[in-house]
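Trainee: Sharing a structure here in structure tokens format.
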Amino acid sequence: MIRKKKWMATVLSVAVVLGLVVTGCGSTGGGNAAAPKEMKMSWNPGAEPKTLDPQMSNGIPEAIVELNLFEGLTRLDKDSKPQKALAESYTVSPDGLKYTFKLRDSKWNNGDPVKASDFKFAWMHALDPEAAAEYSYQLFYIKNAEAYNGKKAKADDVGIKVIDDKTLEVDLEAPTPYFLSLTAFPTYYPVNEKWVKANKDWNTKAETFVSNGPFKMKSWAHNDKIVAVKNDNYWDAKNVKLTELTFNLVEDGKAALTAFEAGQLDGMDNIPVQDIDRLRAAGTLKNTPYLGTYYYRFNVTRKPFDDPRVRQALTMAIDRKTLIDKVVKGGQTPAFAYTPGGIPDVEAGKTFRQVGGDYFKEDVAKAKELLAQAGYPDGKNWPDNVSILYNAGASHETIAQAIQDMWSKNLGIKVKLTSQEWKVYQVSEQKLQYDVARAGWIGDYVDPMTFMDMFVTNGGNNQTGWSNAQYDADIKKAKSTGDQKERMTAMHDAEKILMTEMPVMPIYFYVNNYVAKDYIKGIMRSPLGFIDFKNATVEK
Amino acid sequence: MARYLIGRILSAIFVIWLVVTLTFFLMHAIPGGPFSSEKVLPDQVIANINARYHLNDPLSKQYFDYMNNMLHFNFGPTFRYEGRTVNDLFAAGMPKTGALGGLATVISLIGGTVMGVVAALRQNKTADYFVTFLATIGISVPSFVIATFLQYYVGYKLHWFPPVGWGEMKNLVLPAAALSAYPIAQITRLTRTSMLDTLNQDYIRTAKAKGLPGYVIVFRHALRNALIPVVTFLGPFFAYILTGNFVIEFVFNIPGIGQFFVTSISNRDYPVIMGTTVLFATLLVTFNLLVDMAYTLVDPRIKLTGRKEA
Amino acid sequence: MSLPVDAFTPLQHELKAEVINRPSTTLWQDAWRRFKLNPLAMGGLVVLSAIVLFALVGPFFSHFDYKTNDLESVNLFPNWVHPFGTDELGRDILTRVMFGARISLAIGFGSVLINLTIGIFYGGISGYLGGRVDNVMQRIIDIIFSVPDLLYVILLMVVLGSGLGNIFIVLGIANWVPMARIVRGQILSLREQEFVLAARTLGAGTKRILMKHLLPNSVGQIIVVAALQIPAAIFMEAFLSFIGLGVQPPLVSLGSMAASGRLNIPSYPHSLLFPAGMIAVLMLAFNFVGDGLRDAFDPKMRK
């Protein structure tokens, strides 16, 4: 009998558990029923940030969160122009090598004043060889920064000087016209020296997280969500309208979109390509420019890609518009040059791309002719084992399949497909163990240089085996002068060489597709992928 | 018994050591490192990183350092999340994975047994066919498909439960249902078959002949014996609950530890790969031991001795 | 005391009772007879044969092939030309399901063939030799059994790179342990039986006894396990596809189609429904056939 009772108890307790589970489903969840004065919104930055220590981070999800928790010397406006933020004023020496910043009175969210030494402390931390920050090279514009990071100079030699609590003086290696924009980036943010020294691992949890931006951290449930609230100590707090900003950390685009459509999320980036048509038809899809190029690399050390005519022929023989409309779908721009639009040139109102123009046309007849000249008329003699390398996932696979098909139909050449796991693929590319490889590049800053200096001889990001002395010389020239006109001309010259020699085949320029509820206003999206919620409002 | 246990624990430790060693060297054979990325870092930055994380040490030194730290329960820093340790990651994720796995365990064990018994008692009647149908779905559809269907149709279209996220009890319902689909089906099938077997045994007929009420026969005589095959399934079952978690946690965005199974490898986050291996191997070894001990409880014919016989 | 021989009178007639009236049946005939009586198992077998036919012959009757793109007709819903609709590159899903079923079946059979080979070899030796060898070999199996095999499947797939051959190998390696256990158990119980003793007395060597006597007698159980491992391998490949380590495009498997179809659910549900449905039918058929085989080969069921 006792045993029977045990069984009954078990059955009953199960019934209770199941009952609890079922009763939990009464409400439909979501619904931002906010009190009148409160203004809350949520966004998915794409992933759990690897870290929110501004100096140690280098990714987009990290930058999106940090941008809203911190404030640097400058902050980018809606046209990506640097506006004075913590810097009340600044002066630049005539040779463009010395910047002197005067700081405004401002506080950390724990009440400490923000000092010039907080900047120096943070920047030196990023450069410290012991700290081994991945993005330390973002600071290599500063005098002796690279040498110090490479253990070839002392800390005191680095060109960052604290004149007084409110004055910071920075010496540069070479004139850098975009240095002011750089000071708006996370690597250049200050951290609270006093607090950080007292609290190791201060940046891994909300209780010890101290920042100086429009919002301050309230809670951080790892891999789940970060809740930030308005920071009343922010110097420009009167212009911050949101009372609460939640970052829901959802890595799977599919799950995030479901959450968005179910009302659990107010906005997100990285829209799955499968949903783009549907969202566009429904009018929910939005997009902003994104400073990036999707392209294929040719391994010029391997036959048949050692012949520029082959590279040119393949580049001309695909139909970018169809590829974008039918496969990629996001409303990207067909690329007939390497550097994307959206980067200002010397002349006001003109972009680098407009000045440079297109460097080639899609022309199947011409492509066939070039291929025949190279010794492969109608694809005859074409080697058997040429393959397109790409990393598994996203739409790289479908793009590669479509391009494979276009080359086959237009030129009569057969290529295979090789998919590799993400990091294996990177290694193959870097070791030149491929024939043709898919690639993408997102700019680090708004200047053509972030695209153009990739292909210098033996550059780490070249990865094609291509080398051209004139190209190298042009890039060197552009890097050594502060004169914008001279720089831009040199870079246009370099791009022309790149697009004649064609070690890379541009396919399209990125756009940033996103969705956001209609009641979300005033978010500012930069072409580098950052999102600024400082001026965002919720208007229901 | 005590001797048996000590033997098993010693062999468990050996197993874990072997698994850890194997994983360590296999992991370093994978191309690409934790800090390789699409944007290639300058050489000196890579040198600094390698120095900081001791990635330049000879592999044998790294191995012995790791083993030494492991003995002190120090599983090292994660390479992906700056400033956090493997212990931090697991401490944050374990309760979530535990809650999900626990609920799925309860649902599958109890649901599966009940459904199996019902099907057996109503053999070839509507209830039997219905249960069999439900059970076959669980074994015939991949879990990521089940999870996707539940998320989209039950969560999003019908609004019964939140489709994504974590935090409240109701968030657990769909993931737990998706996670238990496969084991509940297996347990139902096992219980049904062995229940039918048992109900045909002579002692059950004797019990019936004695005029014992039906529920006494079922619960007291039949079920206990019918559960033996279910116990044999528990080992694979726990392994499934632990590893099957990845798909479910990914689809429903649950901040547990199941994700590390896959993400640690794709990130080449060496300490997390090792930590995951140690954790899962330990859990599996423990569960297997518990399952073997459970045999003796349900089946008095089995005795634990120093040696296992076939 | 002894009896004189003439005290016995031989029986005058043959003993009717000793005559085998029933025609002698081999193990196979016996199993098949019982298998036929099981409607679920027979149904499973019919469906399975239909799928195999569909996968092998089907593509020849299709107007489309599984890999050529047609960017003018992407993501079409089911219609008369494309009964299952088209995918994101305008390829006919019906043709791809047929072809994918072929690859999935190949993965199932191929990897089971590998684990069968390893399992029979390992289990056979362990069970037949017994004693210390068996003990050591069983310890090794215990160890492998407590290794999280998923971790190794993923690690190996990343090390080797995804590809059909590697999937065979990795899934074969991952699943041989249950097979080895079954084979060993069978051999262990069989080798004590009289016919083995008889064979040995007649001078048969180890190899001959193993190959001619022990293995054929355990083949029933081996088939049962294999029949249940094939669907498990197909499932595992689907999981690998889900994490991006499955077959290499343009090759497709049902698993890889379902994994990419998953992303299409709100917009184009047919691209998930058809491959997933096919997996489900295939799994069911295999499971019913497997269960049927188990009952058919189970001596306890002999009536």
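The values are calculated or read from the model by the stated rules, or taken from the named source; none is laboratory data. Bear in mind that the values here come from a model prediction, so they are computed numbers and not experimental data. With ideal geometry, Cβ positions are generated from the backbone for all residues, glycine too; neighbour counts draw on all protein chains shown. The protein model used for the area step is the full one, side chains on, heavy atoms only, and it has no ligands, DNA or RNA in it. Shrake-Rupley method; radii C 1.70, N 1.55, O 1.52, S 1.80 Å.
Trainee: In square angstrom and rounded to 100, what buried accessible area do you get between chains B and C, total over both, with the probe at 1.4 Å?
Mentor: Approximately 3600 Å² gets buried when B meets C.
Trainee: Place a point 7 Å from the Cα of A:Gln83 along the Cα-to-Cβ direction; which residues of the range A:206-236 have their backbone N under 18 Å from it?
Mentor: A:213-215, A:231, A:234-236
Trainee: Suppose we compare each residue of the range B:251-288 in its chain alone and in the full protein complex with a 1.4 Å probe; which ones drop by at least 30 Å² of accessible area?
Mentor: The answer is B:Val251, B:Asn253, B:Pro255, B:Phe261, B:Val262, B:Ile265, B:Ser266, B:Arg268, B:Leu284, B:Asn288.
Trainee: What part of the accessible area of the protein assembly as shown, given as a whole %, is carbon or sulfur when the probe is 1.4 angstrom?
Mentor: Answer for the protein assembly as shown: carbon and sulfur cover 61 percent of the accessible area.
Trainee: Another question, then. Using only atoms on other chains, find how many Cβ atoms lie within 10 Å of each Cβ of peptide C:63-73 and report the average.
Mentor: 3
Trainee: I'd like the distance separating the alpha-carbon centroids of the range A:32-98 and the range A:390-467, in whole Å.
Mentor: 31 Å
Trainee: I've got another one for you. Relative contact order (percent) for chain A, with alpha-carbon contacts under 8 angstrom and 6 or more residues of separation?
Mentor: Relative CO of chain A lands at 18 percent.
Trainee: Right, something else. Apply the Karplus parameterisation 6.51 cos²θ - 1.76 cosθ + 1.60, with θ equal to phi minus 60°, to every residue of the range A:207-214 and state each ³J(HN,Hα) to the nearest whole Hz, in sequence, with x for glycine and proline.
Mentor: 4, 10, 7, 10, 9, 10, x, x
Trainee: Oh, and also: Using Cα pairs under 8 angstrom and six or more residues apart, how large is the relative contact order of chain B, in percent?
Mentor: 26 percent
Trainee: Divide the volume of the convex hull of the Cα atoms of the protein assembly as shown by its number of residues and quote the answer in cubic angstrom per residue.
Mentor: It is 229 Å³ per residue.
Trainee: While we're on this one: I'm a student and want to see the number: the projected area of the Cα convex hull of chain A, averaged over all directions, in nm².
Mentor: Mean shadow area of the hull around the Cα atoms is 32.2 nm².
Trainee: Taking the dipole about the Cα centre of the range A:492-540, with the C-beta of Lys and Arg at +1 and of Asp and Glu at -1, give me whichever of A:Thr537, A:Leu498, A:Asn512 is farthest to the positive side.
Mentor: A:Thr537
Trainee: Using only the heavy atoms of the protein chains and a 1.4 Å probe, how would B:Arg8, C:Arg96, C:Arg200, C:Arg132 rank by accessible area, largest first?
Mentor: C:Arg132, C:Arg200, B:Arg8, C:Arg96
Trainee: Determine ³J(HN,Hα), in whole Hz, for all residues of the range C:40-45 in sequence, where each value follows from phi through the Karplus function 6.51 cos²θ - 1.76 cosθ + 1.60 and θ = phi - 60°; x replaces Gly and Pro.
Mentor: 4, 5, 5, x, x, 5
Trainee: Can you tell me the length gained on complete extension of the stretch A:Asn199 to A:Glu173, counting 0.36 nm per residue apart and subtracting the Cα distance?
Mentor: 6.0 nm
Trainee: Tell me the label-point distance for the pair B:Phe73, A:Lys161, using the 7 Å Cα-to-Cβ offset, in nm and rounded to one decimal.
Mentor: 5.3 nm
Trainee: Additional query: Considering amide H positions built from the backbone, and no H for Pro or chain starts, which residues 5 or more places from A:Leu76, or on another chain, come under 5 Å of its amide H?
Mentor: A:Gln83
Trainee: Oh, and also: Note every residue of the range A:204-247 with a reduction of at least 50 square angstrom in accessible area, all protein chains present versus the isolated chain, computed with a 1.4 Å probe, or write none.
Mentor: Residues meeting the cut-off: A:His222, A:Asn223, A:Asp224.
Trainee: Shape call for the range A:50-185 from the C-alpha gyration tensor, a ≥ b ≥ c root eigenvalues: rounded (a/c under 1.5), prolate (a/b greater than b/c) or oblate?
Mentor: Rounded is the answer for the range A:50-185, as its axis ratio a/c remains below 1.5.
Trainee: Can you list the DSSP H helices in chain B whose Cα atoms extend at least 30 Å along the helix axis and whose mean Kyte-Doolittle hydropathy is 1.0 or higher?
Mentor: Span-like helices in chain B: B:2-29, B:86-121, B:228-252, B:270-298.
Trainee: Work the Kirkwood hydrodynamic radius out for the range A:428-540: mean of 1/r over every pair of different alpha-carbon atoms, inverted, in Å.
Mentor: Result for the range A:428-540, one decimal place: 16.7 Å.
Trainee: Still on this model: I'd like the interface area for chains A and C: accessible area of each alone minus the complex, both sides summed, 1.4 Å probe, protein heavy atoms only. What is it in Å² to the nearest 100?
Mentor: 1900 Å²
Trainee: Please get the size of the charge dipole for chain C, origin at its Cα centre, with Cβ charges of +1 on Lys and Arg and -1 on Asp and Glu, quoted in debye to the nearest 20.
Mentor: Charge dipole of chain C: 740 debye, to the nearest 20.
Trainee: Same structure again: Roll a 1.4 Å probe over the protein chains and send me the accessible area per residue for the protein assembly as shown in Å².
Mentor: Per residue, the protein assembly as shown has 43 Å² of solvent-accessible surface.
Trainee: Note down the Stokes-Einstein diffusion coefficient of the range A:301-443 in µm²/s, whole number, using a Kirkwood radius over alpha carbon pairs, 10 °C, and 1.306 mPa s.
Mentor: For these conditions, the coefficient is 96 µm²/s.
Trainee: Given A:Lys286/A:Lys423; A:Lys78/A:Lys241; A:Lys380/A:Lys416; A:Lys254/A:Lys416; A:Lys286/A:Lys326; A:Lys107/A:Lys197, which pairs have Cα atoms separated by over 20 Å?
Mentor: A:Lys286/A:Lys423; A:Lys254/A:Lys416
Trainee: Rounded to the nearest 20 Debye, what is the dipole magnitude of the protein assembly as shown about its Cα centre when Lys and Arg each give +1 and Asp and Glu each give -1 at the C-beta?
Mentor: The calculated dipole for the protein assembly as shown is roughly 4060 debye.
Trainee: At 1.4 Å probe size, with no ligands or nucleic acids counted, give the accessible surface of A:Ser117 in Å², nearest ten.
Mentor: 30 Å²
Trainee: Out of every Cα-Cα pair in chain C, what percent are more than 25 Å apart?
Mentor: Everything past 25 Å amounts to 61 percent.
Trainee: Where does the longest stretch of chain C lie that holds no GluC sites (Glu not before Pro) found in a DSSP loop with 12 or fewer other Cβ atoms within 10 Å?
Mentor: C:73-191
Trainee: Report relative contact order for chain C in percent, whole number only (criteria: Cα-Cα under 8 Å, sequence separation at least 6).
Mentor: Contact order relative to length: 25 percent.
Trainee: Using the Cα atoms of the range B:1-138 to build a convex hull, what is its mean projected area in square nanometres?
Mentor: 14.8 nm²
Trainee: Working with all protein chains in place, sort B:His72, A:His396 by solvent-accessible area computed with a 1.4 Å probe, largest first.
Mentor: Final ranking, largest accessible area leading: B:His72, A:His396.
Trainee: Mind putting a number on the dipole of chain A about its Cα centre? Charges go on the C-beta only, +1 for Lys and Arg and -1 for Asp and Glu, and I need it in Debye to the nearest 20.
Mentor: With only Lys, Arg, Asp and Glu charged at Cβ, the dipole is about 1480 debye.
Trainee: Compute the Rg to Rh ratio over chain B from the alpha carbon atoms, using the Kirkwood formula for Rh, and round to two decimal places.
Mentor: Value, to two decimals: 1.06.
Trainee: Given a 10 angstrom Cα cut-off, can you work out which residue in C:Val196, C:Val224, C:Val183 is the most mobile in a GNM of chain C?
Mentor: C:Val196
Trainee: Give me the inter-chain shielding for B:104-116: mean count of other chain Cβ atoms within 10 Å, whole number please.
Mentor: 2
Trainee: Just give the residues from the range C:216-257 buried by at least 50 square angstrom of accessible area in the all-chains context relative to the isolated chain, probe 1.4 Å, and say none if nothing qualifies.
Mentor: C:Phe235, C:Phe242, C:Gln248, C:Pro249
Trainee: Rounded to the nearest 100 Å², what's the accessible area chains B and A bury against each other, both chains counted, probe 1.4 Å?
Mentor: That pair hides around 5100 Å² of surface in total.
Trainee: What is the mean number of Cβ atoms from other protein chains located within 10 Å of the Cβ atom of each residue in peptide B:151-162, rounded to a whole number?
Mentor: For this peptide, the per-residue mean of nearby foreign Cβ atoms is 5.
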